[in-house]
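Undergrad: Next up is a structure, given as structure tokens.
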Ligand SMILES: Cc1cc2nc3c(=O)[nH]c(=O)nc-3n(C[C@H](O)[C@H](O)[C@H](O)COP(=O)(O)OP(=O)(O)OC[C@H]3O[C@@H](n4cnc5c(N)ncnc54)[C@H](O)[C@@H]3O)c2cc1C
Ligand code: SF4
Ligand code: SF4
Ligand code: FES
């Protein structure tokens, strides 16, 4: 149901909701960016609509709400294990259409591939998603190429329009809370074109895995992993055991974000590692995003948010890489015929 | 009903420890669920972490884990096994399906610790030689000191054809020497069109052996391999084991060669 209401009303609803939910949205953190004079926009708790950064794309995605950067799995003593408690409150997350598609990619890994992940599910089951529209495409976005520019899978859509707030609700609680508000048809803002357009090669022959094409990336990439950390569809982790120094026998096992670009990702006992070359790591990531994942699950993993391009300190463009790869694949096919 | 938390390990009792070498012991662990050769458990030590270890034998209410001492987790297992229990999660992975090999002539080639994940297959056909047309076990170890499962070899030799070789003999050793691949040409395999080859060992050994078996006339679809990769969760979540569109922990570690040959890291 669509409504026209006021910021005041929405903030009052948030205040009621805050008994049961933490509300997360992109916020501006001044002077906190890659360089001290640049702001970052990342997720944080909010209590007021005015705190939300609607005008720009967030540098980091919402994924940390469902997949915390570091998450305690269980506590142990020598002979006992105890599952870490779930947060007492649920979560409400403001996010954009492409990110809602990213949520599905996370669901596929954490709820389907190989069974249900207890920790993800218990957060996911208590999270509501509020769509933020996009009036214009941001820099480096290529959602239209990935087909993620619109999404219907939201609990609510919310747009601040001057003194008015437009809401499309698919959540009983919100419908009840807005019962007195003016009803109005509300359609989510979405873009129909981006400056960045990518063409994805349908298949990339294995013979191109070792192509000199990747060397350039190997020379430039510094294996910092930022492209993975900002990506809403990168979901890898590593487990770590921590023990409390005052009692050597007790501790906890955590999982922390991992990156396929960073050294150590594939290390095995005996000192053997795969993909020592950074160009090969780029190949691994790119093909996972736009080839391997689709072959396994039917959709591309990448949702075209462009955050990896925004963040790379070496100005490596993932979108440009896909387009160049597409040319390389076409040229290779032509040569063979 | 909430689903069981797959990350929390269970306690298993160590019923026996068999010492093969200074750094390789078999731990016989209580476990009574379904399990196949080639599957693996995560041995999960609080404070130290986890290590995926193949099932090297299946008994009545027990599984064997043959562990090589190489680092943080495995050192601790060796030093503290007197504690007589270990935390485990699993079993994970697809494992070997004995049914795929029944009624066929079987050549199993293993290098070193690669014997662990296939030992259950050898045990089975050694106990039921009538279930196959013939079974040859070709195993290579680095040196006589690195030999595993010596007692089992005594039993196997009575029931199946066993060829054991070492790369580096010492003065007391009088058996076969050299790489396993040296012994492939002379093997008499009847009916190559449906003979089965199972190959497990270090990457280079697997590659050379597969090439030799193909050259000998084995069919690709009759060759089976087991892949080792970095693993963390064992349940398709952490991403570490992924190659192309394949998760080794879910779809493997055992692969038919027609699929396994396309796995490129
Ligand atoms: C499916 C699967 C099945 C497996 N089955 C078995 C099995 O049956 N038996 C078995 O023993 N192992 C098996 N492994 C390997 C086993 O999981 C690893 O040896 C184990 O995880 C090592 O853990 P760790 O904490 O002791 O070593 P870590 O402390 O993690 O040590 C590994 C790291 O230490 C260094 N390191 C360790 N050893 C050496 C060395 N020899 N030379 C140089 N550097 C070294 C390397 O940097 C390496 O990254 C299997 C692995 C997989 C994936
Ligand atoms: S952000 Fe850039 S430099 Fe850092 S790992 Fe990714 S591609 Fe490499
Ligand atoms: S790969 Fe880049 S563009 Fe694609 S979803 Fe991840 S961060 Fe966004
Ligand atoms: S070991 Fe974690 S996904 Fe396979």
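The values are calculated or read from the model by the stated rules, or taken from the named source; none is laboratory data. None of these values were measured; they are calculated from a predicted model. Methodologically, a virtual Cβ is constructed for each residue, glycine included, from the backbone with ideal geometry; neighbour enumeration extends over all protein chains shown.
Undergrad: So which residues in the range B:137-155 are crowded, with 21+ Cβ neighbours inside 10 Å and over 19 Å from residue B:188 (Cα atoms), if there are any at all?
TA: Selection gives B:141, B:148, B:149.
Undergrad: Now for a different question. Among the listed residues B:120, B:57, B:95, which satisfies the condition of being within 14 Å of ligand 1 (Cβ to nearest atom), under 15 Å from the mean Cα position of the chain (by Cα), in a loop (DSSP other than H, G, I, E, B) and in contact (Cβ under 8 Å) with a residue 60 or more places away in the chain?
TA: B:95
Undergrad: Would you mention how many residues in the range A:217-244 are more than 12 Å from chain B (Cβ to nearest Cβ), at pLDDT below 90 and more than 9 Å from ligand 2 (Cβ to nearest atom)?
TA: Of the residues in that region, 2 qualify.
Undergrad: Separate question: Name the pairs whose Cβ atoms lie under 6 Å apart, with the first residue in the range B:223-249 and farther than 24 Å from residue A:290 by Cβ and near ligand 4 (Cβ under 6 Å from one of its atoms), the second in a helix (DSSP H, G or I) and modelled with pLDDT of 90 or more, and 6 or more positions between them or separate chains?
TA: Close Cβ pairs (under 6 Å, with a partner that is in a helix (DSSP H, G or I) and modelled with pLDDT of 90 or more) amount to B:231/B:249; B:234/B:249.
Undergrad: Scan the range A:64-84 residue by residue and report those that are within 14 Å of chain B (Cβ to nearest Cβ) and either within 15 Å of residue A:230 (Cβ to Cβ) or out of contact with any strand residue (DSSP E or B) (no Cβ under 9 Å at 6 or more places or on another chain) (or both).
TA: Result: A:67, A:78, A:80.
Undergrad: Tally up the residues in the range A:284-337 that are assigned to a helix (DSSP H, G or I), within 12 Å of ligand 3 (Cβ to nearest atom) and closer than 19 Å to residue A:113 by Cα, please.
TA: Counting residues in the range A:284-337 that are assigned to a helix (DSSP H, G or I), within 12 Å of ligand 3 (Cβ to nearest atom) and closer than 19 Å to residue A:113 by Cα gives 6.
Undergrad: Looking at (1) surrounded by fewer than 21 Cβ atoms within 10 Å (Cβ to Cβ); (2) over 18 Å from residue B:230 (Cβ atoms), which one does residue A:230 not meet, given that it meets all the others?
TA: Every listed condition holds for residue A:230 apart from (1).
Undergrad: Let me ask something additional. State which residue is nearest to residue B:204 (Cα to Cα) when the search covers only the range B:98-112 and only residues that are surrounded by 23 or more Cβ atoms within 10 Å (Cβ to Cβ) and either within 16 Å of ligand 2 (Cβ to nearest atom) or within 10 Å of the chain's Cα centre (by Cα) (or both).
TA: Result: B:111.
Undergrad: Would you call residue A:119 under 30 Å from residue B:94 (Cβ atoms) and either within 14 Å of another protein chain (Cβ to nearest Cβ) or buried (at least 18 other Cβ atoms within 10 Å of the Cβ) (or both)?
TA: yes
Undergrad: Pick out the one residue from B:253, B:202, B:185 that is within 14 Å of another protein chain (Cβ to nearest Cβ) and surrounded by fewer than 21 Cβ atoms within 10 Å (Cβ to Cβ).
TA: Only one candidate qualifies: B:202.
Undergrad: Scan B:86, B:65 and give me the residue that is at pLDDT below 95 and away from ligand 2 (no atom under 16 Å from the Cβ).
TA: Being at pLDDT below 95 and away from ligand 2 (no atom under 16 Å from the Cβ) holds for just one of B:86, B:65, which is B:86.
Undergrad: Quick one: would you say residue A:187 is within 26 Å of the chain's Cα centre (by Cα), more than 14 Å from chain B (Cβ to nearest Cβ) and within 23 Å of residue A:313 (Cα to Cα)?
TA: no
Undergrad: Among the residues of the range B:228-245, which ones are at the interface with chain A (Cβ under 8 Å from one of its Cβ atoms) and more than 16 Å from ligand 3 (Cβ to nearest atom)?
TA: Correct list: B:228, B:229, B:230, B:232, B:233, B:235, B:236, B:237, B:238, B:240, B:244, B:245.
Undergrad: Every residue in the range B:13-34 that is assigned to a loop (DSSP other than H, G, I, E, B) and surrounded by 18 or more Cβ atoms within 10 Å (Cβ to Cβ), please.
TA: Result: B:20, B:31.
Undergrad: Another question, if that's okay. Which pairs turn up if I take residues in the range A:289-303 that are without any contact (Cβ under 8 Å) to a residue 12 or more places away in the chain and outside the structural domain of residue A:104 (by TED's automatic domain parsing) and look for partners that are within 13 Å of ligand 3 (Cβ to nearest atom) and assigned to a loop (DSSP other than H, G, I, E, B) with beta carbon separation below 9 Å, at least 6 apart in sequence or on another chain?
TA: Qualifying pairs under 9 Å: A:292/A:301; A:294/A:200; A:294/A:300; A:294/A:301.
Undergrad: Can you tell me how many residues in the range A:190-210 are more than 16 Å from ligand 3 (Cβ to nearest atom), surrounded by fewer than 16 Cβ atoms within 10 Å (Cβ to Cβ) and part of a loop (DSSP other than H, G, I, E, B)?
TA: 6
Undergrad: Now a separate question. If I ask for residues that are surrounded by fewer than 19 Cβ atoms within 10 Å (Cβ to Cβ) and in contact with a helix residue (DSSP H, G or I) (Cβ under 8 Å, 6 or more places away or on another chain), which ones from the range A:85-111 would you list? Steps first, answer last, please.
TA: Initially, the range A:85-111 is screened for residues surrounded by fewer than 19 Cβ atoms within 10 Å (Cβ to Cβ), giving A:85-90, A:104, A:107-108, A:111.
A:86, A:87, A:107, A:108, A:111 - these are the residues of the range A:85-111 that are surrounded by fewer than 19 Cβ atoms within 10 Å (Cβ to Cβ) and in contact with a helix residue (DSSP H, G or I) (Cβ under 8 Å, 6 or more places away or on another chain).
Undergrad: Here's another thing I want to ask about it. Do we find a residue being in a helix (DSSP H, G or I) and either within 24 Å of residue A:195 (Cβ to Cβ) or at pLDDT below 95 (or both) anywhere in the range A:125-143?
TA: Yes.
Undergrad: Shifting gears a bit: Taking strands (runs of 3 or more DSSP E) that do not extend beyond the range A:1-120, which have at least 2 residues that are farther than 30 Å from residue B:13 by Cα?
TA: Because the criterion is at least 2 residues that are farther than 30 Å from residue B:13 by Cα, the strands (runs of 3 or more DSSP E) in the range A:1-120 that meet it are A:2-6, A:21-29, A:40-45, A:90-96.
Undergrad: As an exercise: evaluate residue B:52 against (1) assigned to a loop (DSSP other than H, G, I, E, B); (2) within 21 Å of residue A:240 (Cβ to Cβ); (3) within 16 Å of ligand 4 (Cβ to nearest atom) and give the number of the one condition it does not meet.
TA: Single failed check for residue B:52: (1).
Undergrad: Something else about it: Can you say whether residue B:66 is buried (at least 20 other Cβ atoms within 10 Å of the Cβ), part of a helix (DSSP H, G or I) and under 15 Å from the mean Cα position of the chain (by Cα), as far as the supplied structure shows?
TA: For residue B:66, the condition - buried (at least 20 other Cβ atoms within 10 Å of the Cβ), part of a helix (DSSP H, G or I) and under 15 Å from the mean Cα position of the chain (by Cα) - is not met.
Undergrad: Six or more apart or on different chains, Cβ under 6 Å: which pairs go from a residue in the range A:1-16 that's in contact (Cβ under 8 Å) with a residue 40 or more places away in the chain to one that's part of a helix (DSSP H, G or I)? Could you list them?
TA: A:1/A:175; A:7/A:49; A:10/A:49; A:13/A:177
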